[in-house]
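Here is the structure we will look at, set down as structure tokens.
The values are calculated or read from the model by the stated rules, or taken from the named source; none is laboratory data. Predicted, not measured: the structure shown is a model, and the values here were computed from it. No Cβ is skipped: glycine too gets one built from the backbone with ideal geometry, and neighbour counts run over all protein chains shown. The protein model used for the area step is the full one, side chains on, heavy atoms only, and it has no ligands, DNA or RNA in it. Shrake-Rupley method; radii C 1.70, N 1.55, O 1.52, S 1.80 Å.
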Amino acid sequence: MAVSHPSTFDLRGFNLGIGDLSVLAGVARNVVNWITSPSQDQSFLELLGLDISVVVPRKGLLNIIDLERHWSKRVTIIREGTISTYDAQKDRAIKLPQLNYFTWFMTLVTAALSTSMLESCVDQVLEDFFISVCEDEQTRDYSSHASHKQVQGWKSTATVRGILQAARAKWVELERQQIHQPGLMPAADMPEIGIFLRWLAGHTDYSTAEGNWGPKECKASYNLFRTASSDVFAIAMVLDYLGIAMQTVSKTDLFTEGSPVIMLDPDTIVSSSTSLSMKRRGMRVNLACVEETISLWPGSPDQNHRRREIFLQGTKAAEGLNLVASQGLIGPEFSRGVRQVMVAVLYKQSFRQHPIMDLCKSYLLGPRQLAFDNLAALVGSWDLSNNRLQEVIRSLVRLNSKQQLGQNVQRDILEDFQIFLLGYYYEVIRPLLDTSKMIVSEAFGAWTWNDMELCELVWNLQRDRMDGGSASGECSIDFYKKADILRIAAYLYAGAEMYQIQKINLSSCGIVSKLALLDSTMMGDTDTPTKISRFCLIDADVSYFPTNAIGVMSSATQLERPTLLLPPSVTENISTAQETSGKGDFTSIVEPDWTLDNQSSVVAFRHKGRIVSRVSPNEIFWAVLNSFPLSLPIYPSHNSEAMYYYSKYSQDSTGLGKVPPALAWQINLEAFEGNTVPIINFSRSGKQEPDPDTCVYVPTSGLVKARACVASIYPYEKTTSMDWNRDRPEGCSNDTLVINYRDYQLLLL
């Protein structure tokens with residue numbers, strides 16, 4: 001497949017599959033990424049009527065040869081659903097796009113801003129920068145609409161070349177050196193960083209921007225910029241580290257003439273906006289030791305020690321909580337109703353009557369005794385009278401982020417409660433998180449200290465909870481929409497902002513913010529109920545993944561596929577099926593749904609380069625869930641038109657042994673190529689219908705993606721009736737996927 005890019009760039013060195021090439025070629029028409037950024041930057045400037053020297057008039061900031069040499073050592077991309085790293089210097093077949101002065105400058109600036117600010121602030125700062133250099137209203141209007149795409153291209157380039165990861169590591173180092181405070185730069189400081197960028201680029205009219213310069217007429221000369229903001233100073237240090245030539249000095253340091261100098265001067269008055277938040281959001285989360293994040297809270301060592309203890313109390317309260325894949329069928333006819341992707345929480349309920357139990361029910365998943373005990377220990381440390389305790393609990397139950405802190409509850413109590421909830425939900429989400437594809441084992445929380453946003457998210461989660469009553473024995477069960485779990489996971493681990501989270505709905509299957517958090521089904525390797533209940537956290541470049549304008553990903557609708565009738569093959573002994581399995585697994589890649597909505601996602605499976613099928617993430621979830629044992633239907637008392645199932649699959653179960661010797665019809669993997677649903681035509685076997693004791697099987701032993709794909713395409717073909725309640729074949733192993741037709745069963749062994 002020919003892809004038009006600069007003549008120095010060659011995709012062949014990456015050994016990309018046909019799926020990757022087709023997506024890159026198709027997506028390049030709609031988005032800007034590391035491949036198209038140089039050419040798109042040129043078009044962007046041409047449409048604005050600007051020359052590079054007008055946007056960045058300062059000379060000598062960059063040495064392009066050194067930058068190309070340094071930032072081409074490690075190139076990391078997602079190839080056929082896996083993270084692949086290349087050395088472009090050692091492998092001469094790999095030729096990256098050559099970047100000009102403008103693209104290098106903007107890529108490094110974007111990396112520094114993205115590591116130090118919320119993504120919404122990055123977009124706003126760079127949009128304002130381009131508006132300020134445009135000469136007329138028409139080009140300013142175009143710039144405000146087009147700059148977001150360009151920013152995505154610069155961030156994509158920085159991610160693929162390892163620039164963004166290096167910038168984040170430097171920012172963390174500066175935090176440890178106490179150059180800047182923990183967390184990201186407050187939104188209120190955007191005007192200051194905007195003035196700094198205009199000065200750095202070499203514009204001489206930066207002093208006319210809004211702001212109070214204090215006792216001096218101007219706080220900067222052409223080569224000297226003074227700031228009292230430790231964040232702006234730290235961003236300058238990151239830019240210097242990445243390759244933009246400048247000097248960073250304190251007020252008492254000596255510096256040389258020539259290159260730009262940024263000086264940390266406490267006497268300078270910082271320009272800021274009183275209408276924007278001063279809170280430092282965006283806490284870094286060490287995945288190996290999440291409680292470290294609480295140690296960054298402002299305060300003394302003793303205070304932070306207590307906060308860590310409270311956080312760990314929250315994690316203990318969530319220990320042993322069992323979350324499993326489930327589904328809801330909503331509508332007057334369940335078989336034709338709306339399917340909902342859900343997660344069920346099974347727990348041993350405590351029926352203790354106590355005000356603290358009311359708090360458990362309002363904010364925690366399941367009123368368990370363990371949760372009660374740990375929350376009671378926290379509440380007991382507040383040393384409140386009984387009347388005051390009940391008043392505080394009533395206030396906390398009704399709490400939301402719009403209440404004024406300290407209005408009904410003391411600030412230190414609100415702080416303790418927030419920390420407890422953070423510990424609890426980090427522990428709840430962690431088992432659902434696949435971090436195996438992370439380059440750096442570090443996540444981002446969008447929260448900040450003394451903040452009630454998490455309470456609001458949890459309150460909404462509990463509002464939509466469906467009480468399933470008693471599941472089995474002494475266990476109770478509650479059902480939650482997986483989209484609601486996605487909201488909390490994205491907030492705690494991917495750095496997703498509230499304006500993004502509020503747009504997540506039932507069809508959402510991921511979000512792209514500081515990091516990308518995807519439904520695990522989008523990776524194509526989910527062939528058990530345990531796997532489909534998870535999320536995948538990714539810090540690699542996902543610029544070609546389809547999203548809406550604010551980064552929310554959606555599952556495509558159910559896809560129609562033609563049926564392929566196959567002549568019956570010779571029946572075989574099913575006990576030898578695993579020995580006949582093909583050697584190569586399917587490959588998978590996330591694609592836009594080109595036919596209906598290119599902002600929604602499908603998973604494209606291929607076998608030996610040939611298309612097998614395009615399946616929506618939700619189809620994979622429902623098909624895999626229904627291919628394993630399910631609970632009996634649960635009917636909520638408040639809704640007669642809904643029923644729910646949860647998975648009874650146990651990964652640790654030994655099953656019932658091997659499939660017993662029995663004759664079965666076989667369908668080979670090659671029959672699935674071409675986006676069709678292969679069905680055996682039993683009438684050609686001399687029988688009008690199959691023997692009820694005979695199965696059809698597909699040999700897929702060890703082929704995880706093939707199992708997920710094949711299971712997903714069968715339940716929706718229209719020629720044969722499904723029987724979801726049919727028992728699994730006797731002796732069927734625990735990991736066998738069973739697709740139940742009314743007349744026969746199809747096994748994926």
**Complete:** Across region 296-322, the tally of residues that are buried (at least 20 other Cβ atoms within 10 Å of the Cβ) and at pLDDT below 90 stands at 0
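Residue-wise test of (1) touching a His at 6+ places or on another chain (Cβ under 8 Å); (2) open to solvent by 30 Å² or more (accessible area, probe 1.4 Å); (3) within 25 Å of L399 (Cβ to Cβ).
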| residue | (1), (2), (3) |
| --- | --- |
| R463 | no, yes, yes |
| D467 | no, yes, yes |
| I477 | no, no, no |
| A483 | no, no, yes |
| A489 | no, no, yes |
| A494 | no, no, yes |
| I504 | no, no, yes |
| C509 | no, no, no |
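Condition check ((1) under 25 Å from G258 (Cβ atoms); (2) more than 30 Å from the chain's Cα centre (by Cα)) across all residues:
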position	(1), (2)
L61	yes, yes
V75	no, no
K90	no, yes
S143	no, no
S147	no, no
**Residue satisfying all of: in region 221-244; open to solvent by 10 Å² or more (accessible area, probe 1.4 Å) and charged (D, E, K, R); modelled with the lowest pLDDT among these** = R226
**Complete:** Considering residues that are at pLDDT below 85 and open to solvent by 10 Å² or more (accessible area, probe 1.4 Å), the number found within region 134-151 is 11
**Request:** Would you confirm whether any residue within region 406-424 is under 15 Å from I485 (Cα atoms), open to solvent by 30 Å² or more (accessible area, probe 1.4 Å) and within 20 Å of the chain's Cα centre (by Cα)?
**Result:** no
**Request:** For I78, state whether it is within 19 Å of G162 (Cα to Cα) and open to solvent by 50 Å² or more (accessible area, probe 1.4 Å).
**Result:** no
**Asked** Are any of the residues in region 98-110 within 18 Å of V512 (Cα to Cα), open to solvent by less than 10 Å² (accessible area, probe 1.4 Å) and of a type in the set (A, V, I, L, M, F, W, C)?
**Response** no
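Yes/no per residue for (1) in contact with a Leu (Cβ under 6 Å, 6 or more places away or on another chain); (2) without any contact (Cβ under 8 Å) to a residue 60 or more places away in the chain:
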residue: V290; (1), (2): no, no
residue: R306; (1), (2): no, yes
residue: N322; (1), (2): yes, yes
residue: A325; (1), (2): yes, no
residue: Q369; (1), (2): no, yes
residue: W382; (1), (2): no, yes
**Complete:** Selection from region 111-120 of residues of a type in the set (A, V, I, L, M, F, W, C) and open to solvent by less than 10 Å² (accessible area, probe 1.4 Å) yields A111, A112, L113, M117
**Item:** helices (runs of 4 or more DSSP H) within region 345-400 that include 3 or more residues farther than 30 Å from I634 by Cβ
**Value:** 369-380, 386-397
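One line per residue, one yes/no per condition, for (1) open to solvent by less than 10 Å² (accessible area, probe 1.4 Å); (2) modelled with pLDDT of 90 or more; (3) in contact with a strand residue (DSSP E or B) (Cβ under 6 Å, 6 or more places away or on another chain); (4) of a type in the set (D, E, K, R):
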site: I501; (1), (2), (3), (4): yes, yes, no, no
site: S513; (1), (2), (3), (4): yes, yes, yes, no
site: K531; (1), (2), (3), (4): no, yes, no, yes
site: S554; (1), (2), (3), (4): no, yes, yes, no
site: Q558; (1), (2), (3), (4): no, no, no, no
**Prompt:** Does region 255-295 hold any residues that are over 24 Å from the mean Cα position of the chain (by Cα) and modelled with pLDDT of 80 or more, and which are they?
**Reply:** S259, P260, V261, I262, M263, L264, D265, P266, S295
**Asked** For the subset of region 682-691 comprising residues that are open to solvent by 40 Å² or more (accessible area, probe 1.4 Å) and in a loop (DSSP other than H, G, I, E, B), which member is modelled with the lowest pLDDT?
**Response** Q688
**Message:** Tell me the residue from K59, K73 that is outside any helix (DSSP H, G or I), modelled with pLDDT under 85 and open to solvent by 10 Å² or more (accessible area, probe 1.4 Å), please.
**Reply:** K73
**Asked** How many residues, within region 324-341, are in contact with a Ser or Thr (Cβ under 7 Å, 6 or more places away or on another chain) and modelled with pLDDT under 90?
**Response** 0
**Residue check for S436: of a type in the set (G, A, S) and open to solvent by 10 Å² or more (accessible area, probe 1.4 Å)** = yes
**Fill in**
Only one of (1) at pLDDT below 65; (2) more than 29 Å from Q340 (Cα to Cα); (3) open to solvent by 20 Å² or more (accessible area, probe 1.4 Å) does not apply to W665, and that is (1)
